[in-house]
Each structure stands twice: as C-alpha cells, then as structure tokens.
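Have a look at the structure below, then the notes.
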Amino acid sequence: MKIAVLGAGAWGTALAVAAAQAGHETQLWARDGAQAAALQAARCNTRYLPEVALPPALAATANLADALAHGADGAAGLVVIATPMAGLRGMLAALPAGTPALWLCKGFEAGSGLLGHEIARELRPGMPCGVLSGPSFALEVARGLPTALVAASNDAALAARAVEAFHGGALRIYTSPDIVGVEVGGALKNVLAIATGIVDGLPGAGLNARAALITRGLAEMTRLGLALGARADTFMGLSGLGDLVLTATGSLSRNRAVGLALAAGRSLPEALAELGHVAEGVPTAAVALARAQALGVELPITAAVVEVLAGRLAPAQAVAVLMARGARAESA
C-alpha cells in the first residue's frame, strides 16, 4: 500500500514506523520544513521519539500536496491524519475530493464542540472516513510491542483498508461501525486520566480512590456516548475501558502526568511546560462538559477537572466536592 501519515508528532511517527516496517510505501508529512529535513537526515524523530530509528521505507516530507497524492493513490492508498484535534479540520479541508481518510486525534473540537466524524460530515458530506483508536502509547508501538487498536468507520471498505495497512506482527486491528462510541471513549479518557493523576498525586488518597474514579469515569463516558448515539458495548472495548485504564494508570500517559503535576502544586502552565507535549484532555475537558450539559448529561468528574484546570478549585477541594455528592443507585 501507499500510506501518507499527516503529522510528525509521537503518535504519527510511531504509526508511520509500523506501516513502513510492514512493507508499505510510507510518507510522513511534517508541517515544518526544518523538521522534515531533520527526520530525513537523522533518521529518527529527535523531539518526540528519539529512541526509535526510522526504517528505510519511511520517507519524510514537508510537501503536503505530494503526501496527499501519495496517500490518495486509488485502492492502494490510505491517508492517516495524525495532527492534534485542533488541526483536524484543516487537514480534512485539504484532502482531495472523495479521498477516504482515518484520523488518530482524540477529543472534541474547541469552539464547535464537534467530534471528528461530525467535522468530516460538515466539511465533506459522504466522504468515507473513520478513526483509529485504542489503548496505545506511541513509544511502545514504535518499538514493536504488542498493541491492539480499533478502526471505526461507517464505511466497511475503509475499515478493511485500515486492517490491511496495519494488522500483523505486534499490531492487532479490530473493526467497529460505532464511530461515535469510539470517538467519545477516546475523548473522555484523556479528561479522566487527568482526574486519576490528581488523585494518585494527592497524599493519602490511596488505590481505592483510583479504582472508584476509573469505574465512575467509565460510567460518565458511557452516559455521554449513549446520549450522542453510541452503542453501550463499545465502552467495554478497546476504545472505552481499554484506553481509559491505560491512560489513567500508565507512566507514559501525558494526561495523567498533568494531573500528577497539578496535585503536586504546579500551575497548569507549569505542568504543560514540564510536559513539553500536547495533552488533549486539557482543551477537551471544558468542551466535553459543555456538550454534555447541552444534552442534560451529568459528568461530575469532568466538571471537577474543569474547575481544577481553571484554577477555581484546588485538587484536594475537587476530590472533596466529588465525595460530598449525594447517594444514588450505581446504575443511575
């Protein structure tokens, strides 16, 4: 296949490495010409994945037109958008008409509150599109460690193309028609990972608190997903429970790292500066909460994260607010 990965951050680079190692002709597009040149010269992504060498079959370019032409090459082509959520709209707008595409970003778009498939439907009605998601740290994928992902699309042929592109070796690709559920899971798990990092970082919180937060976070995720038209069983799968557990507990989680830093007394700007990477849960939290409130869906953990990120509640106060909520049935 001919695969174009648009975005040379950690996750885009990792997936491009996996595709090239699987024998596909792969181009990795970097927005910055200097970064593309450095990728070609050093044969590694020194900023995001310095430990991983780029395979010979992987070419780096800053020419978006060339990358799009490469990935839009008929039945052999595949375009994968690996920008942050803020860049998805621009990438979808740049696609040649009728070009199928998958994206990797997770979240709700700032301002509009839309999920990825809703942006695609607004910009390119009828375009075959989907999301590749699931529990995955970029470094582990690039190193060839066992990973399972889900390709979600209303277009079965596009999901099958994702399987053809990436399934094999250390990568397992499952398919799902529930793009809504997969995207909601991918968005909310980042917010909930910030919450779990906060709890893990507070002295005396304990492991019981972490388990309660993950479990009730899964309930929040499911409530919002169902209100948006998702299937309940999706949230017990890779993009729901799987991604939530990984992101909320894994030492490589950026969003959990933000929560840990906030619990340690850092301000949000300080936490993000220390991280040096995008933590999608930060911009997603307030947007997800607004979307839920418009639907009449309660997201108390997400609401507490929003208050902490805005500086209106200290981390310990946010935990106290959650613990003071009235009793209710677990299934409510």
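Points worth noting:
- ALA288 vs. criteria at pLDDT 95 or above, more than 23 Å from the chain's Cα centre (by Cα) and of a type in the set (A, V, I, L, M): no
- Taking every residue in region 114-128 that is within 20 Å of GLY186 (Cα to Cα) and pairing it with any residue that is surrounded by 19 or more Cβ atoms within 10 Å (Cβ to Cβ) and acidic (Asp, Glu), at least 6 positions away or on another chain, the pairs with Cβ-Cβ distances below 7 Å are LEU115/GLU183; GLY116/GLU183; HIS117/GLU183; ILE119/GLU109.
- LYS189, sole failed condition from (1) modelled with pLDDT under 95; (2) in contact with a Lys or Arg (Cβ under 9 Å, 6 or more places away or on another chain); (3) not small (Gly, Ala, Ser): (1)
- Condition check for THR99: in contact with a strand residue (DSSP E or B) (Cβ under 7 Å, 6 or more places away or on another chain), modelled with pLDDT of 95 or more, among the hydroxyl-bearing types (Ser, Thr, Tyr) and not in a strand (DSSP E or B): no
- Criterion applied to LEU139, LEU145 was being of a type in the set (A, V, I, L, M, F, W, C), under 25 Å from ALA193 (Cα atoms) and part of a loop (DSSP other than H, G, I, E, B), and the one residue passing it is LEU145.
- Filter pass, ARG231 being under 20 Å from the mean Cα position of the chain (by Cα), under 23 Å from ASP155 (Cβ atoms) and not assigned by TED's automatic domain parsing to the domain that holds ALA290: no
Matching residues to (1) out of contact with any helix residue (DSSP H, G or I) (no Cβ under 6 Å at 6 or more places or on another chain); (2) acidic (Asp, Glu); (3) assigned to a helix (DSSP H, G or I); (4) buried (at least 24 other Cβ atoms within 10 Å of the Cβ):
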| position | (1), (2), (3), (4) |
| --- | --- |
| ILE3 | no, no, no, yes |
| GLY23 | yes, no, no, no |
| LEU39 | yes, no, yes, yes |
| VAL52 | no, no, no, no |
| ALA65 | yes, no, yes, no |
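The values are calculated or read from the model by the stated rules, or taken from the named source; none is laboratory data. Nothing here was measured: the structure is a model prediction, and the numbers come from that model. A quick note on method: Cβ atoms are made from the backbone with ideal geometry, for glycine too, and the neighbour counts reach across all protein chains shown.
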